[in-house]
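Take a look at the structure below.
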Amino acid sequence: MSRPSRLRSLGLGIAAIALALGMSGCAASPTPIELGADTVVVDVRTPAEYGTGHLEGAVNIDFQSPSFGGEVSELDPDADYVVYCQSGNRSAQAVSAMRDADLTVQDAGGIDEAAKATGLPVVP
């Protein structure tokens, strides 16, 4: 096999591997989150966003509200919390703040990812 043919074959092989790795990343499903009897699901989006649809049973604590810290300080320290938002940005920030308050918290990311991971439906 000539040098150009080997290079072309190598290039096609690398492209196939990259494509396979990229596609496997897109097909990955979120890690399942088990909800216990004392698990509280928290939606940290705004009340308007919450009103357009939220995970069944979720409580709304608006991360962008000035009262967020005060509401977090009133949460049961013995409960477990699963937090989500629209895309995963606010939930990550909220989880950090909640962990700083010594709460046991898991970040479920965005609402679609959280629904898949918890098995909870999105309700109006």
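Throughout, read-outs are computed from the coordinates displayed, never taken from laboratory work. The shown structure was predicted, so the numbers you read here are calculated from the model rather than taken from an experiment. Cβ placement follows ideal geometry from the backbone for every residue including glycine, while neighbour counts extend to all protein chains displayed.
Data table
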| item | result |
| --- | --- |
| Test: Leu35 is buried (at least 19 other Cβ atoms within 10 Å of the Cβ) and either without any contact (Cβ under 8 Å) to a residue 40 or more places away in the chain or touching a strand residue (DSSP E or B) at 6+ places or on another chain (Cβ under 9 Å) (or both) | no |
| Pairs with Cβ under 8 Å, 6+ apart, first in the stretch 45-74 and in contact (Cβ under 8 Å) with a residue 60 or more places away in the chain, second among the small types (Gly, Ala, Ser) | Leu55/Ala114; Leu55/Ala115 |
| Residues (buried (at least 22 other Cβ atoms within 10 Å of the Cβ) and of a type in the set (D, E, K, R)) located in the stretch 38-63 | Asp43, Arg45 |
| Positions within the stretch 79-120 being in contact with a Cys (Cβ under 7 Å, 6 or more places away or on another chain) and in a strand (DSSP E or B), in sequence order | Gly110 |
